Amino acid sequence: MKSYEMDMCTGSLWKKIMVFSVPLMFSNILQVVFNISDVAVVGKFAGPIALGAVGSTSILVTLSTGLLLGLASGVSALTALYIGAKDDVSVKSTVHTAAILMAVSGVVIMVLGIGFASGILTVMHTKDELIRDAVLYLRIYLLGTPALAMFNLGNAILSAAGDTRRPLYYLTFAGVVNVILNLFFVIACHMGVAGVAVASIISQYISAFLVIRLLVRSGEAFALRPGCLKTDRDKLKRILQIGIPSAIQYALFAVANLFVQASVNSFDHVMVEGNSAAANSDPLVYDMMAAFYTACTSFIAQNLGAKRRDRILKSFYICTLYSFMLGLFLGVGLYVLRYPFLSLFTNESAVVSAGIKRISVMALSYCVSAFMDCTIAASRGLGKTIVPMLIVTAGSTVFRLLWIWIVFAHFRTIESLYLLYVCSWTITAAAEIVYFAKIFRSRDLSRQLA
(Lines give C-alpha, C1' and ligand atoms only; values in the text may rest on other atoms or scores of the structure.)
Protein backbone atom coordinates (compact mmCIF):
# COMPACT_ATOMS: atom_id res chain seq x y z
CA MET A 1 0.00 0.00 0.00
CA LYS A 2 1.61 3.27 -1.15
CA SER A 3 1.78 6.23 1.23
CA TYR A 4 -0.69 8.22 -0.87
CA GLU A 5 -3.30 5.45 -0.93
CA MET A 6 -5.64 4.32 1.82
CA ASP A 7 -7.08 0.97 2.93
CA MET A 8 -10.70 1.88 3.63
CA CYS A 9 -11.64 -1.60 4.84
CA THR A 10 -9.67 -1.58 8.10
CA GLY A 11 -8.90 0.87 10.92
CA SER A 12 -10.81 3.78 12.44
CA LEU A 13 -13.51 5.10 10.12
CA TRP A 14 -13.78 8.36 12.05
CA LYS A 15 -10.11 9.10 11.42
CA LYS A 16 -9.81 7.71 7.90
CA ILE A 17 -12.91 9.45 6.56
CA MET A 18 -11.59 12.75 7.89
CA VAL A 19 -8.07 12.16 6.54
CA PHE A 20 -9.57 11.22 3.16
CA SER A 21 -12.00 14.15 3.06
CA VAL A 22 -9.86 17.11 4.14
CA PRO A 23 -7.55 17.15 1.07
CA LEU A 24 -10.58 16.54 -1.15
CA MET A 25 -12.33 19.44 0.56
CA PHE A 26 -9.50 21.77 -0.32
CA SER A 27 -9.34 20.35 -3.86
CA ASN A 28 -13.02 21.14 -4.32
CA ILE A 29 -12.53 24.62 -2.92
CA LEU A 30 -9.70 25.31 -5.33
CA GLN A 31 -12.00 24.42 -8.22
CA VAL A 32 -14.53 26.88 -6.80
CA VAL A 33 -11.75 29.49 -6.61
CA PHE A 34 -11.47 29.26 -10.40
CA ASN A 35 -15.01 30.62 -10.70
CA ILE A 36 -15.02 32.90 -7.67
CA SER A 37 -11.82 34.62 -8.79
CA ASP A 38 -13.47 35.19 -12.18
CA VAL A 39 -16.47 36.85 -10.55
CA ALA A 40 -14.41 38.79 -7.99
CA VAL A 41 -12.03 40.23 -10.58
CA VAL A 42 -14.70 41.25 -13.08
CA GLY A 43 -16.89 42.66 -10.31
CA LYS A 44 -14.06 44.75 -8.90
CA PHE A 45 -12.26 45.81 -12.07
CA ALA A 46 -14.75 45.45 -14.95
CA GLY A 47 -17.92 46.72 -13.26
CA PRO A 48 -21.38 45.44 -12.23
CA ILE A 49 -22.49 44.63 -15.80
CA ALA A 50 -19.57 42.23 -16.23
CA LEU A 51 -20.34 40.78 -12.79
CA GLY A 52 -23.95 40.13 -13.75
CA ALA A 53 -22.89 38.61 -17.09
CA VAL A 54 -20.54 36.06 -15.52
CA GLY A 55 -23.04 35.35 -12.74
CA SER A 56 -25.77 34.71 -15.30
CA THR A 57 -23.77 31.77 -16.69
CA SER A 58 -23.18 30.09 -13.32
CA ILE A 59 -26.01 27.57 -13.67
CA LEU A 60 -24.89 26.50 -17.15
CA VAL A 61 -21.31 26.13 -15.92
CA THR A 62 -22.67 24.04 -13.04
CA LEU A 63 -24.66 21.95 -15.52
CA SER A 64 -21.63 21.09 -17.68
CA THR A 65 -19.49 20.42 -14.63
CA GLY A 66 -22.23 18.34 -13.01
CA LEU A 67 -22.62 16.07 -16.03
CA LEU A 68 -18.91 15.26 -15.89
CA LEU A 69 -18.96 14.81 -12.13
CA GLY A 70 -21.87 12.41 -12.46
CA LEU A 71 -20.01 10.24 -14.95
CA ALA A 72 -16.87 10.44 -12.80
CA SER A 73 -18.86 9.21 -9.79
CA GLY A 74 -19.58 6.02 -11.74
CA VAL A 75 -15.86 5.63 -12.44
CA SER A 76 -14.97 6.19 -8.78
CA ALA A 77 -17.60 3.80 -7.38
CA LEU A 78 -16.71 0.95 -9.74
CA THR A 79 -12.95 1.43 -9.31
CA ALA A 80 -13.31 1.48 -5.51
CA LEU A 81 -15.42 -1.70 -5.64
CA TYR A 82 -12.72 -3.60 -7.54
CA ILE A 83 -9.93 -2.17 -5.37
CA GLY A 84 -11.79 -3.39 -2.28
CA ALA A 85 -12.19 -6.80 -3.90
CA LYS A 86 -8.46 -6.76 -4.89
CA ASP A 87 -9.38 -7.46 -8.52
CA ASP A 88 -6.51 -5.75 -10.39
CA VAL A 89 -7.61 -6.96 -13.82
CA SER A 90 -11.01 -5.30 -13.44
CA VAL A 91 -9.42 -2.13 -12.05
CA LYS A 92 -7.23 -1.85 -15.17
CA SER A 93 -10.14 -2.48 -17.52
CA THR A 94 -12.35 0.05 -15.71
CA VAL A 95 -9.70 2.79 -15.81
CA HIS A 96 -9.05 2.51 -19.56
CA THR A 97 -12.72 2.26 -20.46
CA ALA A 98 -13.43 5.31 -18.29
CA ALA A 99 -10.66 7.33 -19.96
CA ILE A 100 -12.29 6.94 -23.38
CA LEU A 101 -15.74 7.69 -21.99
CA MET A 102 -14.66 10.86 -20.19
CA ALA A 103 -12.65 12.20 -23.13
CA VAL A 104 -15.56 11.78 -25.53
CA SER A 105 -18.02 13.27 -23.02
CA GLY A 106 -15.85 16.35 -22.51
CA VAL A 107 -15.70 17.07 -26.23
CA VAL A 108 -19.43 16.49 -26.78
CA ILE A 109 -20.43 18.79 -23.89
CA MET A 110 -18.04 21.47 -25.19
CA VAL A 111 -19.46 21.39 -28.73
CA LEU A 112 -23.11 21.36 -27.63
CA GLY A 113 -22.53 24.05 -24.99
CA ILE A 114 -20.82 26.43 -27.40
CA GLY A 115 -23.47 25.84 -30.05
CA PHE A 116 -26.46 26.41 -27.78
CA ALA A 117 -25.01 29.04 -25.39
CA SER A 118 -26.80 32.02 -26.89
CA GLY A 119 -30.16 30.28 -27.21
CA ILE A 120 -30.19 28.95 -23.66
CA LEU A 121 -29.19 32.29 -22.14
CA THR A 122 -31.98 33.94 -24.14
CA VAL A 123 -34.53 31.41 -22.90
CA MET A 124 -33.35 32.14 -19.34
CA HIS A 125 -34.39 35.79 -19.90
CA THR A 126 -30.87 37.05 -19.37
CA LYS A 127 -30.95 40.85 -19.28
CA ASP A 128 -30.24 42.59 -22.60
CA GLU A 129 -27.35 44.52 -21.08
CA LEU A 130 -25.75 41.28 -19.83
CA ILE A 131 -26.28 38.73 -22.59
CA ARG A 132 -23.47 39.69 -24.98
CA ASP A 133 -20.76 39.33 -22.34
CA ALA A 134 -22.47 36.27 -20.86
CA VAL A 135 -22.38 34.42 -24.21
CA LEU A 136 -18.75 35.41 -24.77
CA TYR A 137 -17.67 34.22 -21.33
CA LEU A 138 -19.56 30.93 -21.55
CA ARG A 139 -18.27 30.01 -25.02
CA ILE A 140 -14.65 30.61 -24.06
CA TYR A 141 -15.06 28.87 -20.70
CA LEU A 142 -16.52 25.76 -22.35
CA LEU A 143 -13.32 25.30 -24.38
CA GLY A 144 -11.86 23.96 -21.13
CA THR A 145 -14.49 21.21 -20.78
CA PRO A 146 -12.27 18.41 -22.19
CA ALA A 147 -9.60 19.30 -19.64
CA LEU A 148 -12.18 19.35 -16.86
CA ALA A 149 -13.35 15.89 -17.97
CA MET A 150 -9.84 14.44 -17.79
CA PHE A 151 -9.11 16.00 -14.41
CA ASN A 152 -12.34 14.55 -13.04
CA LEU A 153 -11.32 11.16 -14.46
CA GLY A 154 -7.98 11.28 -12.65
CA ASN A 155 -9.50 12.63 -9.47
CA ALA A 156 -12.16 9.88 -9.47
CA ILE A 157 -9.59 7.10 -9.93
CA LEU A 158 -7.24 8.45 -7.28
CA SER A 159 -10.10 9.04 -4.82
CA ALA A 160 -11.21 5.44 -5.29
CA ALA A 161 -7.72 4.38 -4.22
CA GLY A 162 -7.79 6.74 -1.23
CA ASP A 163 -5.38 9.29 -2.72
CA THR A 164 -6.89 12.74 -2.28
CA ARG A 165 -3.66 14.62 -1.60
CA ARG A 166 -1.94 14.76 -4.97
CA PRO A 167 -4.96 16.20 -6.82
CA LEU A 168 -4.92 18.91 -4.12
CA TYR A 169 -1.30 19.74 -4.90
CA TYR A 170 -2.04 20.05 -8.60
CA LEU A 171 -5.11 22.22 -8.07
CA THR A 172 -3.18 24.47 -5.70
CA PHE A 173 -0.68 25.20 -8.43
CA ALA A 174 -3.35 25.63 -11.11
CA GLY A 175 -5.42 27.83 -8.79
CA VAL A 176 -2.53 30.22 -8.19
CA VAL A 177 -1.96 30.44 -11.95
CA ASN A 178 -5.66 31.14 -12.45
CA VAL A 179 -5.74 34.07 -10.03
CA ILE A 180 -2.56 35.62 -11.45
CA LEU A 181 -3.83 35.32 -15.02
CA ASN A 182 -7.23 36.74 -14.03
CA LEU A 183 -5.60 39.88 -12.70
CA PHE A 184 -3.22 40.14 -15.66
CA PHE A 185 -5.82 39.69 -18.40
CA VAL A 186 -8.43 41.99 -16.80
CA ILE A 187 -6.30 44.76 -15.28
CA ALA A 188 -3.30 44.83 -17.61
CA CYS A 189 -4.88 43.63 -20.85
CA HIS A 190 -8.41 45.06 -20.31
CA MET A 191 -9.98 41.83 -21.65
CA GLY A 192 -12.98 41.88 -19.29
CA VAL A 193 -15.05 38.69 -19.17
CA ALA A 194 -12.97 37.13 -21.97
CA GLY A 195 -9.86 37.50 -19.81
CA VAL A 196 -11.22 35.59 -16.83
CA ALA A 197 -12.59 32.86 -19.10
CA VAL A 198 -9.21 32.37 -20.78
CA ALA A 199 -7.50 32.28 -17.38
CA SER A 200 -9.89 29.56 -16.24
CA ILE A 201 -9.35 27.26 -19.19
CA ILE A 202 -5.56 27.60 -19.00
CA SER A 203 -5.73 26.55 -15.35
CA GLN A 204 -8.01 23.61 -16.18
CA TYR A 205 -5.60 22.29 -18.79
CA ILE A 206 -2.70 22.59 -16.35
CA SER A 207 -4.47 20.56 -13.65
CA ALA A 208 -5.65 17.97 -16.21
CA PHE A 209 -2.13 17.54 -17.59
CA LEU A 210 -0.65 17.02 -14.14
CA VAL A 211 -3.16 14.41 -12.98
CA ILE A 212 -3.07 12.44 -16.25
CA ARG A 213 0.74 12.48 -16.20
CA LEU A 214 0.57 10.97 -12.70
CA LEU A 215 -1.70 8.14 -13.87
CA VAL A 216 0.50 7.43 -16.89
CA ARG A 217 3.63 7.23 -14.71
CA SER A 218 2.01 5.20 -11.92
CA GLY A 219 3.01 1.60 -11.28
CA GLU A 220 -0.31 0.70 -9.63
CA ALA A 221 -3.19 -1.33 -11.02
CA PHE A 222 -5.07 1.91 -11.73
CA ALA A 223 -2.28 3.27 -13.97
CA LEU A 224 -3.27 4.69 -17.37
CA ARG A 225 -1.43 3.16 -20.32
CA PRO A 226 -2.13 4.76 -23.73
CA GLY A 227 -1.47 1.43 -25.45
CA CYS A 228 -4.15 -0.26 -23.34
CA LEU A 229 -6.93 2.17 -24.20
CA LYS A 230 -9.93 0.17 -25.29
CA THR A 231 -13.54 -0.14 -24.27
CA ASP A 232 -14.72 -3.08 -22.20
CA ARG A 233 -18.47 -3.33 -22.80
CA ASP A 234 -19.24 -4.78 -19.39
CA LYS A 235 -17.25 -2.11 -17.54
CA LEU A 236 -18.71 0.65 -19.73
CA LYS A 237 -22.21 -0.61 -18.97
CA ARG A 238 -21.53 -0.67 -15.23
CA ILE A 239 -19.96 2.80 -15.24
CA LEU A 240 -22.95 4.17 -17.16
CA GLN A 241 -25.43 2.40 -14.88
CA ILE A 242 -24.04 4.46 -12.00
CA GLY A 243 -22.76 7.49 -13.90
CA ILE A 244 -25.71 8.36 -16.14
CA PRO A 245 -28.33 8.56 -13.37
CA SER A 246 -25.80 10.53 -11.30
CA ALA A 247 -25.17 12.89 -14.21
CA ILE A 248 -28.91 13.25 -14.72
CA GLN A 249 -29.26 14.15 -11.03
CA TYR A 250 -26.76 16.98 -11.47
CA ALA A 251 -28.51 18.03 -14.67
CA LEU A 252 -31.92 18.02 -12.99
CA PHE A 253 -30.64 20.29 -10.24
CA ALA A 254 -29.21 22.62 -12.87
CA VAL A 255 -32.38 22.59 -14.98
CA ALA A 256 -34.51 23.34 -11.93
CA ASN A 257 -32.12 26.14 -11.07
CA LEU A 258 -32.51 27.54 -14.58
CA PHE A 259 -36.11 28.28 -13.62
CA VAL A 260 -34.90 29.77 -10.35
CA GLN A 261 -32.45 31.99 -12.27
CA ALA A 262 -35.22 32.99 -14.66
CA SER A 263 -37.33 33.98 -11.64
CA VAL A 264 -34.43 36.02 -10.24
CA ASN A 265 -34.11 37.68 -13.63
CA SER A 266 -37.69 38.92 -13.25
CA PHE A 267 -36.37 41.42 -10.69
CA ASP A 268 -34.25 44.47 -11.57
CA HIS A 269 -30.57 44.22 -12.49
CA VAL A 270 -29.45 45.15 -8.95
CA MET A 271 -31.19 42.08 -7.53
CA VAL A 272 -29.71 39.92 -10.32
CA GLU A 273 -26.22 41.22 -9.54
CA GLY A 274 -26.74 40.79 -5.78
CA ASN A 275 -27.90 37.23 -6.34
CA SER A 276 -24.86 36.58 -8.55
CA ALA A 277 -22.52 37.84 -5.83
CA ALA A 278 -24.20 35.94 -2.98
CA ALA A 279 -24.56 32.74 -5.02
CA ASN A 280 -20.78 32.38 -4.93
CA SER A 281 -21.27 31.01 -1.41
CA ASP A 282 -23.22 28.03 -2.80
CA PRO A 283 -20.31 26.16 -4.44
CA LEU A 284 -18.05 27.23 -1.59
CA VAL A 285 -20.27 25.45 0.95
CA TYR A 286 -21.61 22.64 -1.26
CA ASP A 287 -18.22 21.59 -2.55
CA MET A 288 -16.68 21.43 0.90
CA MET A 289 -19.59 19.29 2.07
CA ALA A 290 -19.26 17.21 -1.11
CA ALA A 291 -15.90 15.91 0.09
CA PHE A 292 -17.80 13.80 2.61
CA TYR A 293 -20.21 12.61 -0.07
CA THR A 294 -17.28 11.39 -2.16
CA ALA A 295 -15.87 9.73 0.95
CA CYS A 296 -19.23 8.08 1.58
CA THR A 297 -19.35 6.57 -1.91
CA SER A 298 -15.70 5.45 -1.87
CA PHE A 299 -15.75 3.94 1.62
CA ILE A 300 -19.04 2.14 1.04
CA ALA A 301 -17.96 0.82 -2.38
CA GLN A 302 -14.61 -0.47 -1.09
CA ASN A 303 -16.25 -2.12 1.92
CA LEU A 304 -18.91 -3.61 -0.34
CA GLY A 305 -16.13 -5.18 -2.39
CA ALA A 306 -14.49 -6.42 0.82
CA LYS A 307 -17.88 -7.68 2.13
CA ARG A 308 -17.73 -5.56 5.31
CA ARG A 309 -21.43 -4.89 6.07
CA ASP A 310 -20.80 -3.23 9.45
CA ARG A 311 -18.43 -0.65 7.96
CA ILE A 312 -20.90 0.22 5.20
CA LEU A 313 -23.54 1.51 7.61
CA LYS A 314 -21.03 3.14 9.93
CA SER A 315 -19.44 4.97 6.98
CA PHE A 316 -22.85 6.38 6.07
CA TYR A 317 -23.55 7.63 9.60
CA ILE A 318 -20.13 9.24 10.03
CA CYS A 319 -20.15 10.97 6.63
CA THR A 320 -23.65 12.33 7.22
CA LEU A 321 -22.72 13.73 10.63
CA TYR A 322 -19.50 15.27 9.35
CA SER A 323 -21.22 16.93 6.37
CA PHE A 324 -24.12 18.26 8.47
CA MET A 325 -21.78 19.83 11.04
CA LEU A 326 -19.62 21.34 8.31
CA GLY A 327 -22.65 22.82 6.53
CA LEU A 328 -23.91 24.33 9.79
CA PHE A 329 -20.51 25.80 10.65
CA LEU A 330 -19.98 27.29 7.18
CA GLY A 331 -23.51 28.67 6.98
CA VAL A 332 -23.27 30.47 10.31
CA GLY A 333 -19.80 31.73 9.44
CA LEU A 334 -21.03 33.04 6.10
CA TYR A 335 -23.84 34.97 7.76
CA VAL A 336 -21.48 36.52 10.31
CA LEU A 337 -19.07 37.55 7.54
CA ARG A 338 -21.74 38.46 4.98
CA TYR A 339 -20.56 42.05 4.44
CA PRO A 340 -16.86 41.32 3.84
CA PHE A 341 -17.80 38.29 1.74
CA LEU A 342 -20.04 40.28 -0.60
CA SER A 343 -17.54 43.13 -0.76
CA LEU A 344 -15.18 40.72 -2.52
CA PHE A 345 -17.43 40.85 -5.56
CA THR A 346 -18.86 44.36 -5.70
CA ASN A 347 -18.32 47.91 -4.50
CA GLU A 348 -22.01 48.82 -4.93
CA SER A 349 -23.90 49.08 -1.60
CA ALA A 350 -27.24 48.34 -3.30
CA VAL A 351 -25.84 45.11 -4.74
CA VAL A 352 -24.51 44.13 -1.30
CA SER A 353 -27.94 44.71 0.24
CA ALA A 354 -29.55 42.56 -2.44
CA GLY A 355 -26.99 39.79 -1.84
CA ILE A 356 -27.68 39.77 1.90
CA LYS A 357 -31.29 38.79 1.19
CA ARG A 358 -30.04 35.51 -0.27
CA ILE A 359 -27.43 34.82 2.41
CA SER A 360 -29.94 35.46 5.19
CA VAL A 361 -32.14 32.61 3.94
CA MET A 362 -29.42 30.20 2.81
CA ALA A 363 -27.09 30.39 5.83
CA LEU A 364 -29.05 27.90 7.95
CA SER A 365 -30.32 25.93 4.96
CA TYR A 366 -27.09 24.42 3.66
CA CYS A 367 -26.71 21.87 6.48
CA VAL A 368 -30.08 20.30 5.62
CA SER A 369 -28.76 19.25 2.21
CA ALA A 370 -26.34 16.86 3.96
CA PHE A 371 -29.13 14.36 4.67
CA MET A 372 -30.16 14.27 1.01
CA ASP A 373 -26.76 14.25 -0.68
CA CYS A 374 -25.03 11.87 1.70
CA THR A 375 -27.83 9.34 1.36
CA ILE A 376 -27.64 9.59 -2.44
CA ALA A 377 -23.87 9.05 -2.21
CA ALA A 378 -24.39 5.99 0.01
CA SER A 379 -26.85 4.47 -2.47
CA ARG A 380 -24.35 5.16 -5.26
CA GLY A 381 -21.68 3.31 -3.30
CA LEU A 382 -24.00 0.28 -3.28
CA GLY A 383 -24.43 0.63 -7.05
CA LYS A 384 -27.98 2.01 -6.84
CA THR A 385 -28.66 5.24 -8.72
CA ILE A 386 -31.88 4.99 -10.75
CA VAL A 387 -34.37 5.23 -7.87
CA PRO A 388 -32.38 8.03 -6.14
CA MET A 389 -32.47 9.89 -9.45
CA LEU A 390 -36.25 9.50 -9.67
CA ILE A 391 -36.62 10.72 -6.07
CA VAL A 392 -34.47 13.76 -6.87
CA THR A 393 -36.59 14.40 -9.96
CA ALA A 394 -39.73 14.51 -7.84
CA GLY A 395 -38.35 16.24 -4.76
CA SER A 396 -35.82 18.70 -6.08
CA THR A 397 -37.05 19.37 -9.61
CA VAL A 398 -40.82 18.95 -9.87
CA PHE A 399 -41.29 20.32 -6.36
CA ARG A 400 -39.17 23.38 -7.15
CA LEU A 401 -41.12 24.11 -10.29
CA LEU A 402 -44.40 23.81 -8.41
CA TRP A 403 -43.02 26.12 -5.73
CA ILE A 404 -42.12 28.74 -8.34
CA TRP A 405 -45.48 28.48 -10.07
CA ILE A 406 -47.53 28.50 -6.84
CA VAL A 407 -45.70 29.92 -3.80
CA PHE A 408 -43.39 32.38 -5.55
CA ALA A 409 -46.12 33.40 -7.99
CA HIS A 410 -48.31 34.28 -5.00
CA PHE A 411 -45.81 36.21 -2.84
CA ARG A 412 -43.48 37.56 -5.58
CA THR A 413 -40.70 38.23 -3.05
CA ILE A 414 -37.09 37.13 -3.44
CA GLU A 415 -37.17 35.52 0.02
CA SER A 416 -40.09 33.28 -0.97
CA LEU A 417 -38.03 32.14 -3.95
CA TYR A 418 -34.94 31.25 -1.88
CA LEU A 419 -36.97 29.21 0.62
CA LEU A 420 -37.66 26.57 -2.02
CA TYR A 421 -34.14 25.18 -1.50
CA VAL A 422 -34.48 24.06 2.11
CA CYS A 423 -38.03 22.81 1.59
CA SER A 424 -37.08 20.68 -1.42
CA TRP A 425 -33.98 19.29 0.35
CA THR A 426 -36.09 18.25 3.33
CA ILE A 427 -38.69 16.24 1.44
CA THR A 428 -36.09 14.71 -0.89
CA ALA A 429 -33.88 13.67 2.03
CA ALA A 430 -36.77 11.92 3.77
CA ALA A 431 -37.54 9.83 0.69
CA GLU A 432 -33.86 9.05 0.00
CA ILE A 433 -33.32 7.82 3.57
CA VAL A 434 -36.32 5.48 3.35
CA TYR A 435 -34.96 4.04 0.08
CA PHE A 436 -31.42 3.54 1.43
CA ALA A 437 -32.76 1.74 4.51
CA LYS A 438 -34.75 -0.55 2.24
CA ILE A 439 -31.84 -1.54 -0.01
CA PHE A 440 -29.46 -1.96 2.94
CA ARG A 441 -31.84 -4.56 4.40
CA SER A 442 -32.58 -6.21 1.05
CA ARG A 443 -31.87 -9.84 0.24
CA ASP A 444 -29.87 -8.86 -2.84
CA LEU A 445 -27.35 -6.94 -0.73
CA SER A 446 -27.20 -9.77 1.81
CA ARG A 447 -26.32 -12.23 -0.97
CA GLN A 448 -23.69 -9.85 -2.34
CA LEU A 449 -22.08 -9.55 1.11
CA ALA A 450 -22.25 -13.27 1.83
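Just name the residue that is farthest from residue 389 (Cα to Cα) out of those in the range 222-247 that are at pLDDT below 90 and open to solvent by less than 70 Å² (accessible area, probe 1.4 Å).
Here the residue is 228.
Assuming residue 176 fulfils every condition listed in (1) assigned to a loop (DSSP other than H, G, I, E, B); (2) free of Cβ contacts under 8 Å to residues at least 24 places away in the same chain apart from one, which condition is it?
So the condition that residue 176 fails would be (1).
Of all the residues that make up the range 350-386, how many are part of a loop (DSSP other than H, G, I, E, B) and within 23 Å of residue 247 (Cβ to Cβ)?
4
Looking at (1) at pLDDT below 75; (2) crowded, with 19+ Cβ neighbours inside 10 Å, which one does residue 45 not meet, given that it meets all the others?
Of (1) at pLDDT below 75; (2) crowded, with 19+ Cβ neighbours inside 10 Å, only one is false for residue 45: (2).
Is there a residue in the range 255-262 that is open to solvent by 10 Å² or more (accessible area, probe 1.4 Å) and without any contact (Cβ under 8 Å) to a residue 24 or more places away in the chain?
no
Please verify whether the range 202-213 includes one or more residues that are touching a Pro at 6+ places or on another chain (Cβ under 9 Å), closer than 23 Å to residue 105 by Cβ, open to solvent by 70 Å² or more (accessible area, probe 1.4 Å) and assigned to a helix (DSSP H, G or I).
For the range 202-213, residues touching a Pro at 6+ places or on another chain (Cβ under 9 Å), closer than 23 Å to residue 105 by Cβ, open to solvent by 70 Å² or more (accessible area, probe 1.4 Å) and assigned to a helix (DSSP H, G or I): present.
If only one of 268, 282 is of a type in the set (Asp, Glu), under 14 Å from the mean Cα position of the chain (by Cα) and open to solvent by 10 Å² or more (accessible area, probe 1.4 Å), which one is it?
None of the other options fit; the residue is 282.
Right, residue 185: of a type in the set (A, V, I, L, M, F, W, C), under 30 Å from residue 44 (Cβ atoms) and without any contact (Cβ under 8 Å) to a residue 24 or more places away in the chain or not?
Yes.
For the range 431-448, enumerate the residues that are surrounded by 15 or more Cβ atoms within 10 Å (Cβ to Cβ) and not hydroxyl-bearing (Ser, Thr, Tyr).
431, 432, 433, 436, 439, 440, 445, listed by residue number.
Of the residues that sit in the range 175-201 and are modelled with pLDDT of 90 or more and under 23 Å from the mean Cα position of the chain (by Cα), which one is least open to solvent (accessible area, probe 1.4 Å)?
Result: 199.
Given the criteria in contact with a helix residue (DSSP H, G or I) (Cβ under 8 Å, 6 or more places away or on another chain), on the phi < 0 side of the Ramachandran plot and open to solvent by less than 30 Å² (accessible area, probe 1.4 Å), does residue 403 qualify?
no
Considering only the range 291-305, I want to know if a residue exists there that is without any contact (Cβ under 8 Å) to a residue 40 or more places away in the chain and either open to solvent by less than 20 Å² (accessible area, probe 1.4 Å) or out of contact with any Asp or Glu (no Cβ under 6 Å at 6 or more places or on another chain) (or both).
no
Yes or no: residue 165 within 30 Å of residue 16 (Cβ to Cβ) and open to solvent by 50 Å² or more (accessible area, probe 1.4 Å)?
In short, yes.
From the list 355, 327, which residue is modelled with pLDDT of 95 or more and open to solvent by less than 10 Å² (accessible area, probe 1.4 Å)?
When all the criteria are applied, what remains is 327.
How about the range 50-155: which helices (runs of 4 or more DSSP H) wholly inside it have at least 2 residues that are open to solvent by 20 Å² or more (accessible area, probe 1.4 Å) and among the small types (Gly, Ala, Ser)?
Ranges flagged: 88-123.
Considering the range 222-272 alone, what residues qualify as being of a type in the set (Gly, Ala, Ser), within 27 Å of residue 84 (Cβ to Cβ) and in a loop (DSSP other than H, G, I, E, B)?
Within the range 222-272, 223 is the sole residue that qualifies.
The values are calculated or read from the model by the stated rules, or taken from the named source; none is laboratory data. Quick caveat, the model's predicted, so the values are computed rather than measured. Cβ sites come from the backbone with ideal geometry, for glycine too, and all protein chains shown count toward neighbours. Ligands, DNA and RNA are stripped out before the accessible areas are found, and what is left, the full protein with its side chains, is counted by its heavy atoms. Shrake-Rupley method; radii C 1.70, N 1.55, O 1.52, S 1.80 Å.
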